[in-house]
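Everything on this sheet refers to the single structure shown next.
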Amino acid sequence: MLNMIKEHYHNILRYDPEMVQLMEYVHSLLMVNKNARILDVGCGYGRYLKPLQKTGYDVTGVEENIGIVESNCAQGLKCMSVDEFTQSNMNFDVILMSHIIEHFSPSALKEFMDGYLDRLEMGGHLIIATPLLSPYFYDDFDHVKPYQPIGILMVFGGSGAQVQYYARNKLDLKDVWFRKSFYRLSFVKSKYQKSGVMTRLFQFITFLSALASYLSRGTFGKTDGWIGVFEKVDG
């Protein structure tokens, strides 16, 4: 019984509506073109590569960490290093950037996105998943800045907004979805302790909050991220 409770506890905490929504976006785009070529930028250990390749889609990952690239390739996943990607002449119909853009400063992000958007076919789609500012945004050591859809469009939308720079690639926002996560305590000592009564209490409160969000399908929760589907358009 105890093992069943622990398993249910971990399943609830792992419930990821963002992943479900992103996969739904990919599937809906590929219903129109089942032969579409997908690029997963910063693919990591294949969170999206594995299910997409298993489904039969033509998906390739690009990853900066060479060790991760080798690990993915050893598992039969199509994955290349940034240098290999740069030297290739591959173009894609769908590009995924999941939890990538928040790791860049504005000027660096413009160049980063433009470099990959150069490889996106006209009329192709870019899917961005990224967090919004929250009390736990900077828990990730190398988070630099949260971005919102309107900010992306100011630079990539060709709106003529008064900003420091414009991108050479143009995007049109086709759909946006906002993620709700369970409420969580921040800046409390018990969050950082590894043991003790207060730590167990913190874990229990976290579980109750996650359970409420899970059962309500996000109705009880805090908006702390978004997914945007952008189409590359002629500038």
Going by average Cβ density within 10 Å per residue, which order do the peptides 88-101, 142-155 take, highest to lowest? 88-101, 142-155
Take peptides 119-128, 60-69 and line them up by average Cβ neighbours within 10 Å, highest first, as a rough protection proxy. 119-128, 60-69
List the residues whose amide H sits under 5 Å from the amide H of D58, counting only those 5 or more places along or on another chain, with H placed 1.01 Å from N in the peptide plane. I38
Mind giving me the FRET efficiency for D234 and S28? R0 is 22 Å, r the Cβ-Cβ distance, nearest 0.05 is fine. 0.45
Tell me the Rg and the Dmax, in Å, that the Cα atoms of segment 104-233 produce. 18.7, 57
Under the Karplus relation 6.51 cos²θ - 1.76 cosθ + 1.60, θ = phi - 60°, what is the ordered set of whole-Hz ³J(HN,Hα) values for segment 167-173, x standing for Gly and Pro? 7, 7, 9, 10, 10, 10, 6
Kirkwood hydrodynamic radius of the chain, from inverse mean 1/r over distinct Cα pairs, in Å: 19.5
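Before rounding to the nearest 500, sum -39500 (n - 2.57) across all DSSP H runs of length at least 4 in the chain and divide by the residue total; then give [θ] at 222 nm in deg cm²/dmol.
So the calculated ellipticity at 222 nm is -12000 deg cm²/dmol.
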Taking only Cα atoms of segment 19-157, radius of gyration then Dmax in Å: 14.9, 41
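Read-outs throughout are calculated quantities, based only on the coordinates presented, and are distinct from any laboratory measurement. Note that the structure is a prediction, hence the values are computed from the model and not measured. Positions of Cβ are generated from backbone atoms using ideal geometry, with glycine treated the same way; all protein chains shown enter the neighbour counts.
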